[in-house]
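The values are calculated or read from the model by the stated rules, or taken from the named source; none is laboratory data. As the structure is a computational prediction, the values presented were derived from the model and not from experiment. Here the Cβ is made from the backbone with ideal geometry for all residues, glycine too, and neighbour counts use every protein chain on show.
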Amino acid sequence: MDQTLNEVLFDACCNGQLDIVNECIEKGADVNYCNGDGRSLLAKASKRGHDEIVKRLIEAGADVRARNKDNDTALMGAAKHGYRDICEMLIKAGADVNSHDNDGRNALMRAALLGKIETVELLVDSGANLNDIDNKGRTALMDAVLAFKVDVIHYLLAKGADVNKQDNEGCTCLMRAAYGGYTDLVIYLINRGADKYIKDNAGRTAADYIPNDAGSELQNTLR
C-alpha cells in the first residue's frame, strides 16, 4: 500500500534519513504531522537523537511545543536520553522547560533520574524550576537520589534545590538515601542541611528507612 507524503516524512524522521526529510518538505509535506497517538515528527526525531533532522524541522516551522496524548513534548524526550544539543535547539526555538506531562513530570525530572548531567545543567540554566513536583510530589532531586546519580545530586543542591522537600507520602531525599543504604550519600545530604528528624505521613524518620542489613555507620549517623 502506498504511503502518503506525510507518512513517508514520519518514517524518515524516525529513521534519521535527512535526505528524504528534505525531499518531503520540499514537496509540501506537513512538518507538524502527527501519528495516531499524537507523536509529532519533531518528538520522534528528538527522542532518537537525529539532531540534523530536528534542526531542519524547526527551520521548516515545526511546533516545538506540540504535545502527544500523554502531554509529552519533544524536549522531554530529548532530555530523557541526554541529547543536550537537541534540547538546546528546542529551547532556543521556544520549547517550555517547565511543561508537565500527564504524570506531572517535566524534562528536568527525566534527565535527573537518568543522570544526564549536561542536560540537567542546560535545563537549569534555561530556567527549569528546581523544586517543581510531579503528581506524586517528587522533585528532580528526589529522582536523582532514588537513582543514586551523584553528579546530578551535587549540582542540584549547589543550585539551591530543597533537600528537605517532602513528597505526597512525606518522604524526603534523606529517607530515600537511607532506604537505599547509601551511607556516603546520607552523610553528604546531612552536611547539606538534610533534617534527619523530619517525619513522613506515617510518623517515620529517616532512621526507620534503614535496611536491616545496613552497616553500623549508617545506623549511627541517623539514630
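Only one of (1) under 11 Å from the mean Cα position of the chain (by Cα); (2) in a loop (DSSP other than H, G, I, E, B); (3) small (Gly, Ala, Ser); (4) buried (at least 19 other Cβ atoms within 10 Å of the Cβ) is not met by GLY82, so which one is it?
Failed condition: (4).
Condition first: surrounded by 16 or more Cβ atoms within 10 Å (Cβ to Cβ) and either outside the structural domain of THR73 (by TED's automatic domain parsing) or part of a loop (DSSP other than H, G, I, E, B) (or both). Now tell me which residues in region 36-60 satisfy that.
ARG39, ARG48, GLY49, HIS50, ALA60
For the subset of region 183-212 comprising residues that are in contact (Cβ under 8 Å) with a residue 12 or more places away in the chain and farther than 19 Å from GLN166 by Cα, which member is farthest from the chain's Cα centre (by Cα)?
The selected residue is PRO211.
Could you list, in sequence order, the residues of region 195-213 that are of a type outside the set (Asp, Glu) and surrounded by fewer than 18 Cβ atoms within 10 Å (Cβ to Cβ)? Show your work before the answer.
Looking only at region 195-213, we keep the residues that are of a type outside the set (Asp, Glu), and these are 196-199, 201-207, 209-212.
Of everything in region 195-213, those that are of a type outside the set (Asp, Glu) and surrounded by fewer than 18 Cβ atoms within 10 Å (Cβ to Cβ) turn out to be LYS196, TYR197, ILE198, LYS199, ASN201, ALA202, GLY203, ARG204, ALA207, PRO211, ASN212.
Would you confirm whether any residue within region 181-194 is crowded, with 24+ Cβ neighbours inside 10 Å, hydroxyl-bearing (Ser, Thr, Tyr), outside any helix (DSSP H, G or I) and outside the structural domain of ARG84 (by TED's automatic domain parsing)?
There is no residue in region 181-194 that is crowded, with 24+ Cβ neighbours inside 10 Å, hydroxyl-bearing (Ser, Thr, Tyr), outside any helix (DSSP H, G or I) and outside the structural domain of ARG84 (by TED's automatic domain parsing).
Can you give me the ranges of the helices (runs of 4 or more DSSP H) entirely in region 103-153 with at least 3 residues that are within 15 Å of ALA177 (Cα to Cα)?
140-146
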